[in-house]
Every structure is written in C-alpha cells, then in structure tokens.
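Beneath this line is the structure, given in structure tokens, with notes to follow.
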Amino acid sequence: MRQVEGWRRPLGLAGVVALAGLGVFAVLALGAALGLWAAGFEGAVAREHLSPGPGAWLGTDALGRDLLARTIQGARVSLAVGGGAALGLVAIGGVLGAFAGLRGGWIDRLLAGLCDALAAIPPVVTLLGAALLLRPGLATAIAAIALTQWHGVFRSVRAEAQRMRSADHDRAARAMGAGTWHRIRWHLLPRLRPLLVTSLVLCFVYAVKVEAVLAYFGASAQTLPSWGRLLAETGSELARGIWWPTAAASVPLALLVLCAQVLADRLGEGEPRG
C-alpha cells in the first residue's frame, strides 16, 4: 500500500499559522454561507471609526458600519469569484493544453503562440481591458480572470500531454485508431488528476487576489463589499492611524493565500510515487 509522505511531514511554523488561518477563514465562509450579510447583522453603529471591541469586534468604518459583517460579505464575494474563476482557468487551460499536447502540429503551435502572447502582456492590462469591455460585476470578474489567465495551466498540462504522446502505450493507442478525446479521457486525465487538483487550489487563491485588484479599480462587483473594495475604501485611512478597516480586509486575504500555498505544497508532496 502506497504511503502519502507529504501529509506525514511535520507542519512547521507556516503550517501551524496556515491551519489557524484556515479556522478563521472557515468561520467567515460559514457566516457567508448562512446568509449573515442579509440577516440584520450589519446594522449601522452610531459612531464611525469605532476601534475594535465589544459590540464591534472588528470596529466600524467611516460610515459606522460593522466591519465584521462587511468582512463576512467580502468572504461571500471572494469565494464566488475564486471558485468560479478557478474552475474556468483549469477547464480552459486543461482542455486546450491536453488537446495541443496530444495533437501536435499546427494546432499545437497556434495555441502555444496564443499562450505566449497572453503571458507577454502584463496581467493588470489584460484583466482591466477585459473588465472594461463588460459591465462591472461578479460575472465580469470571473470571465476576465478565466479568459485571460489560463496560460499557466495550459503550459503544465501541455507538457504532461507531450510526455505521454511520446510513450509507447500512447503510440499503441494511436495505432489502434484511438481519437484525441478518447486518449484524453482514458489515458491523460488519470495522469493529470494530481496536477489539476493542485492547480485548482493555486488558481483559486490567485483569482481571489486578482478580484481584489479588480475591485480596487472598480471593475468588480459594485454593490457587494468584496475584500478588494474594502481595501479601496479604507486604504487612505492608514495615514491617519485608523488601521482596523484595512486589517479587516487584508488579514483574511493574507490568511487565505497562506492556507492555499500550504495546501498546494502538501498536495504536491503527497502525490503517490512509483
């Protein structure tokens, strides 16, 4: 029986912090899932910029709104964008990468050239350009990320597909008349599962960070307080020593990034060998 070595290794300081962050984020995600943002939990507080304490555990913002409720609302948006965009990234990059790697020829060169062209443009330019062509909102953020940032997954899947194409069992499958989609479904996909799972985790956290950038520039949801929008609204208050509005959005975002990086590292090291 194969042993998964990565999960048996001691966590270390980063792993302990990541587990603590995962607990905090789970509370925020649970609050978002239970609908606390719409259950009167966000009632305005009489005093603006109230520091954290009883009655307002994360303090209040410039309009007297409870920052804990706003952060839970931000978790709702971040989960939606991160999950949707990650699925889109892995689907587009995975399908195109597998098809290009197994087919080869001019299709491979065309898709690889398109991938290189997207990768050569700064992500902020492509993301904002795609977002500006559409109406700002959650669907716009998801589409902008998925349609412009799939090249990383494409390269990884294409490389694995090219390695399989040179293997004897794939040559035998082609000689027996197996088509490209048959080889992807029955030969390539089982080999790609660990890679795709790890890519899904990394793409999720990447999409959350990108959504924060889009929201900062006003290209994401305008009616829901995502973490990026909270940072855009409160960033200027740091100069006046009012740190808690920025911390309410930036700390959960940083914890989510750390959790995902540790999880992806564990998944990568935990792949069965042999």
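Tally up the residues in the stretch 166-194 that are assigned to a loop (DSSP other than H, G, I, E, B) and farther than 13 Å from residue 101 by Cα, please. Can you show your working first?
Taking the stretch 166-194 first, the residues assigned to a loop (DSSP other than H, G, I, E, B) are 166-167, 176-179.
Now restrict to residues that are farther than 13 Å from residue 101 by Cα: 176-179.
Count: 4.
Restricting to the stretch 116-144, name every residue that is in contact (Cβ under 8 Å) with a residue 60 or more places away in the chain and of a type outside the set (Ser, Thr, Tyr).
Passing the criteria: 123, 124, 127, 128, 131, 132, 136, 137, 138, 141, 142, 144.
With the checklist (1) farther than 23 Å from residue 264 by Cα; (2) among the aliphatic types (A, V, I, L, M); (3) part of a helix (DSSP H, G or I) in hand, flag the one item residue 219 doesn't pass.
Result: residue 219 fails condition (3) only.
Where residues in the stretch 201-243 are basic (Lys, Arg) and under 18 Å from the mean Cα position of the chain (by Cα), which of them is modelled with the highest pLDDT?
Within the stretch 201-243, the match that is modelled with the highest pLDDT is 209.
Collect the residues in the stretch 165-185 that are in contact with a helix residue (DSSP H, G or I) (Cβ under 8 Å, 6 or more places away or on another chain) and not hydrophobic (A, V, I, L, M, F, W, C), keeping them in residue-number order.
165, 169, 170, 174, 180, 182, 183
Just the residues that are among the basic types (Lys, Arg) and surrounded by fewer than 16 Cβ atoms within 10 Å (Cβ to Cβ), please, taken from the stretch 156-183. Before you say what the answer is, go through the steps one by one.
Kept after step one, since they are among the basic types (Lys, Arg), are these residues of the stretch 156-183: 158, 163, 165, 171, 174, 183.
Within the stretch 156-183, 163, 171, 174 qualify.
Here is a yes/no grid of residues against (1) farther than 18 Å from residue 202 by Cβ; (2) part of a helix (DSSP H, G or I); (3) at pLDDT below 90; (4) over 17 Å from the mean Cα position of the chain (by Cα):
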{"position": "82", "(1), (2), (3), (4)": "no, yes, yes, no"}
{"position": "101", "(1), (2), (3), (4)": "yes, yes, no, yes"}
{"position": "107", "(1), (2), (3), (4)": "yes, yes, no, yes"}
{"position": "115", "(1), (2), (3), (4)": "no, yes, no, yes"}
{"position": "118", "(1), (2), (3), (4)": "no, yes, no, yes"}
{"position": "124", "(1), (2), (3), (4)": "yes, yes, yes, no"}
{"position": "130", "(1), (2), (3), (4)": "yes, yes, yes, yes"}
{"position": "158", "(1), (2), (3), (4)": "no, yes, no, yes"}
{"position": "164", "(1), (2), (3), (4)": "yes, yes, no, yes"}
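The values are calculated or read from the model by the stated rules, or taken from the named source; none is laboratory data. Model, not experiment: these values are computed from the prediction. Virtual Cβ from ideal backbone geometry, glycine too; neighbours counted across all protein chains shown.
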